[in-house]
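Below is one structure; the comments refer to it alone.
None of the figures in this text is laboratory data; all of them are computed from the coordinates on show. On a predicted model such as this, the values are computed, not experimentally measured, just so you know. Heads up, the Cβs are rebuilt from the backbone with ideal geometry, glycines too, and the neighbour counts pull from every protein chain shown.
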Amino acid sequence: MRSSSEKLSSGIGVFAAVVDAGTFAAASEALGMSPPGVSRAIARLEKRLKIRLFYRTTRSVSLTEEGRRFYEQVMPHLAGLEEAAAAAAGGASAVRGKLRINLDPVFYRTILGQQLDAFMDAHPDLEIEFIGRDSLGDLVMDGFDLAVRFGEPRASTLIARKLLDTGVVTVAAPSYIARWGRPAKPEDLESRSHRCLEFRNPETGKPFQWEFHRKRKRIVVDTRGRLTVNDPGALLNACLAGSGIAQMLRLGAEHLIADGRLIDLFPEWADERYPLYVYYPSRHHVPAKTRAFLDFLVELTRDNPRGSARIPMPSPIDR
């Protein structure tokens with residue numbers, strides 16, 4: 001007979017398969033078990049843990065809050081055991097498999113894309129899948145190993161590690177200024193004589209407020225723009241086309257300012273900062289593929305001076 005610890009380990013494996021597959025039926029196919037066998041394994045695990053792991057319907061399953069916490073605590077340990085087993089067996093490099101990353105497109109375009117080939121060459125057994133989204137979402141349930149996002153972290157069980165700070169600039173194309181004139185001060189943007197391009201905040205569904213910071217002074221301007229977008233590429237293209245004035249990250253705009261394709265309208269209001277964070281589920285037993293990419297990101301952003309103050313490498317912080 002199997003011991004209680006062996007039964008628990010088996011149940012955890014079935015639990016992880018259900019989370020990865022999304023349904024009991026799909027998990028049963030992946031494990032080579034019958035659907036009733038999967039259901040019984042989950043029921044036994046729930047009984048031992050004295051918590052409910054899943055909400056079940058006829059078509060899908062989703063983690064309960066207790067199930068989510070259990071998953072976040074257990075999965076890093078399972079990944080660490082798999083890597084230890086691979087190393088003991090003399091297998092291929094531990095930096096292997098697929099790495100799924102929720103990635104901010106501005107970071108990819110301005111910094112990461114230029115350096116990625118070197119990282120891929122250094123880890124030939126690793127596959128990387130970048131998914132561009134306008135929000136962090138649910139890292140665990142969405143199946144991501146990491147996320148790289150701009151903005152202050154929300155309270156969660158994830159580890160949030162700050163990579164850099166970048167400024168926020170208010171810019172317009174020369175063609176816009178030729179047609180509509182150049183505003184003399186931020187408050188001029190409240191006039192209907194100027195067209196402002198709004199960027200939607202994914203957390204609220206409403207456009208971001210236009211803030212201007214100079215030392216300790218901060219003002220908020222009601223721009224009332226008629227065009228709102230949720231993609232930084234669309235914002236940039238509309239601004240370059242002369243469709244309006246935009247606020248965007250200096251990280252993505254400074255080379256265009258240097259080339260004269262965009263004009264920084266209020267360089268004296270340059271003190272607003274916007275942080276970039278990398279998120280991952282746990283600081284314990286971080287898989288080798290995740291650790292390798294984390295180290296790569298830290299080195300990349302530490303040496304990148306564009307739009308950011310050089311910051312010391314921080315320790316991961318619980319959020």
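Multiplying the sequence separation of residue 48 and residue 185 by 0.36 nm and subtracting their Cα-Cα distance, what value in nm do you get?
Result for the pair: 42.8 nm of gain on full extension.
Identify all aspartates and glutamates with a Cα-Cα distance to residue 206 below 15 Å; exclude those on the same chain that are fewer than 8 residues away in sequence.
Straight-distance partners of residue 206: 134, 198, 222, 231.
Can you list the lysines whose alpha carbon is less than 19 Å from that of residue 50, not counting same-chain residues fewer than 8 positions off?
Of all the lysines, those that pass the test against residue 50 - Cα under 19 Å, at least 8 places apart if same chain - are 7.
Read phi for every residue in segment 290-298 and hand back ³J(HN,Hα) as whole Hz from Karplus 6.51 cos²θ - 1.76 cosθ + 1.60, θ = phi - 60°, with x for Gly and Pro.
Along segment 290-298, the couplings run 5, 4, 4, 6, 4, 4, 4, 5, 4 Hz.
Take the Cβ-Cβ distance between residue 62 and residue 20 as r, set R0 to 22 Å, and report the resulting FRET efficiency rounded to the nearest 0.05.
Taking R0 as 22 Å, the efficiency between residue 62 and residue 20 is 0.95.
Antiparallel as a % of all DSSP beta bridges within segment 98-240, to the nearest 5?
Of the beta bridges lying entirely in segment 98-240, close to 35 percent run antiparallel.
When we measure straight from the Cα of residue 185, which lysines land under 17 angstrom away, once same-chain ones fewer than 8 places off are left out?
215, 217
Can you sort 127, 190 so the residue with the fewest Cβ neighbours within 10 Å comes first?
Result, fewest neighbours first: 127, 190.
Given points 7 Å out from each Cα along the Cα-Cβ axis, report the residue 31 to residue 157 separation in nanometres with one decimal.
Between residue 31 and residue 157, the simple spin-label model gives 2.0 nm.
Residue 195's amide H: which non-local residues (gap 5+, or another chain) put their own amide H closer than 5 Å, with H modeled 1.01 Å from N in plane and none for Pro or chain starts?
Residues meeting the amide H criterion: 245.
Give the long-range amide H neighbours of residue 164: residues separated by 5 or more places, or on another chain, with amide H under 5 Å away, using H modelled in the peptide plane at 1.01 Å from N.
For residue 164, whose amide H was placed from the backbone, the distant partners under 5 Å are 276.
Return the long-range amide H neighbours of residue 158 (sequence gap of 5 or more, or a different chain), with a cut-off of under 5 Å between placed amide H atoms.
Hits under the 5 Å cutoff: 319.
Across segment 202-213, in residue order, what do the Karplus-derived ³J(HN,Hα) couplings come to in whole Hz, using 6.51 cos²θ - 1.76 cosθ + 1.60 with θ = phi - 60° and x for Gly and Pro?
x, 6, 10, x, 10, x, 4, 5, 8, 10, 9, 10
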